[in-house]
Each structure stands twice: as structure tokens, then as C-alpha cells.
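Participant: Below you'll find the structure I mean.
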Amino acid sequence: MDVLGAPGAGLLIAAENLFPPLPSEVFLPLAGFAAGQGRISLVSALVFTTLGSVLGALALYWLGVKLGTERLRALAKRLPLFQESDVDRANAFFDRHGGKAVLLGRMLPVFRSLISIPAGVNRMPVWRFAGLTLLGSAMWNSLFVFAGYLLGDNWHRIEPYSAVFEYTVLGIAVAAVAWFTVKRLRHRG
């Protein structure tokens, strides 16, 4: 951010979308801190970080489009514990709740990246996907950018709180995967 300014913050957030272990919960408050110091404007921090979110999500959306349902079904057939019907159930879920999943998924660590792939696989209209991603990302990014802006030199104090949220979401995801695995193993006998 010191070298590239607000566009650098946008690049970091785009990279975070493509590589979920990168911590947007650190980059966003840092962008707010930089805005509070006058190194970038608050508006440019918000615009570029949200633009980075949308561009990163669109890259994964297009990956989902290229992957497609048939390739995903073929992959599921080869993976242990998965079935083609799992892809069909996931598609049915996305047909019913896709808009909510994209919007709310933008505010959940790791899922904010992953939700883009089923949106592409299910061919959600790109304008709708981009609009929901823009709205959800703007809300999430604003929260952390404004927090960094208001906390100033103490911007790093956000991290422990966001880490609790992130670990909770990841813990729920791990528990869901464990439940799925146990259920499938029991079903296979």
C-alpha cells in the first residue's frame, strides 16, 4: 500500500479472494489506517478494496463456468466419499439460495472466495453475481476499513476479534466436513 496506494490495497484484496489464507481482516484495517494518515483517501480505500473483491470473485466465477456441472459430476465420481448426486443436491441448493449465498458468503472467511465457483458452475447471471458481490463486499470492506480509519495507530487491535470470528466459521466448516465424512462412511458400511 505504501508503494501502490489504494490500488495496492485493491490488489491485496483481489489476491485474498484467489488465495483465501491471505487475511483481508488485516489488509482492510491497514487500508483504513493509511487513509487516516492521509496517505490515501478513505473513498479510494473503499473503492479499490471493493473493486479488488469483485475482480477476484469474478476470476473464480469464470473458473466455475469453465469447470461446469458435467466436469464437476465426473470429478465427484472419482473422489472417495462423493457421489454425482452430491453435485445435483448442491446445484439444487444453489438454485434456491444462490443469491443469498453469494451476498452473505462475501462476509464469511474462506467462503467469500469459494462461493464464486458454484455461482459460475450454476451459471448465475454474471451481472447478478457481480452486483451481489459488490454489495456484500462493500459492506464487509467498509466495516474493516472504517475500523482501521477510526482506530488509527491501534488498527491492529481488530485482528484478535476478527480471528475469533474466522476461527469460529472455520471450526463450523471442519465440524460439517467431519459430520459428512462419518455419515458417508457409515452409509458405505
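The values are calculated or read from the model by the stated rules, or taken from the named source; none is laboratory data. Predicted, not measured: the structure shown is a model, and the values here were computed from it. Cβ atoms come from the backbone with ideal geometry, glycine included; neighbour counts cover every protein chain shown. With ligands, DNA and RNA removed, areas are computed over all heavy atoms of the protein, side chains included. Shrake-Rupley method; radii C 1.70, N 1.55, O 1.52, S 1.80 Å.
Participant: Looking at (1) open to solvent by 30 Å² or more (accessible area, probe 1.4 Å); (2) under 22 Å from Ile117 (Cα atoms); (3) modelled with pLDDT of 80 or more, can you tell me which one Ser85 breaks?
Facilitator: Status for Ser85: all satisfied but (3).
Participant: Now for a different question. Would you confirm, using the coordinates I've provided, whether Phe48 is in a helix (DSSP H, G or I), over 19 Å from the mean Cα position of the chain (by Cα), surrounded by 21 or more Cβ atoms within 10 Å (Cβ to Cβ) and among the aromatic types (Phe, Trp, Tyr)?
Facilitator: The answer is no for Phe48.
Participant: In the range 98-134, which residues are surrounded by 15 or more Cβ atoms within 10 Å (Cβ to Cβ), of a type in the set (A, V, I, L, M, F, W, C), without any contact (Cβ under 8 Å) to a residue 40 or more places away in the chain and in a helix (DSSP H, G or I)?
Facilitator: Hits for the range 98-134 are Ala101, Val102, Leu103, Leu104, Leu132.
The rows are residues; the columns are (1) in contact (Cβ under 8 Å) with a residue 12 or more places away in the chain; (2) in contact with a Gly (Cβ under 7 Å, 6 or more places away or on another chain); (3) surrounded by 15 or more Cβ atoms within 10 Å (Cβ to Cβ); (4) charged (D, E, K, R).
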residue	(1), (2), (3), (4)
Asn17	yes, yes, yes, no
Leu30	yes, yes, yes, no
Ile40	yes, yes, yes, no
Leu55	yes, no, yes, no
Arg78	no, no, no, yes
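Participant: If I filter the range 169-178 for residues that are β-branched (Val, Ile, Thr), open to solvent by less than 30 Å² (accessible area, probe 1.4 Å), under 20 Å from Leu75 (Cβ atoms) and modelled with pLDDT under 90, do I get at least one hit?
Facilitator: The answer is no, given that none of the residues of the range 169-178 is β-branched (Val, Ile, Thr), open to solvent by less than 30 Å² (accessible area, probe 1.4 Å), under 20 Å from Leu75 (Cβ atoms) and modelled with pLDDT under 90.
Participant: Sort out which residues of the range 19-28 are in contact (Cβ under 8 Å) with a residue 40 or more places away in the chain and in a helix (DSSP H, G or I), and write them in order of number.
Facilitator: Ser24, Glu25, Val26, Leu28
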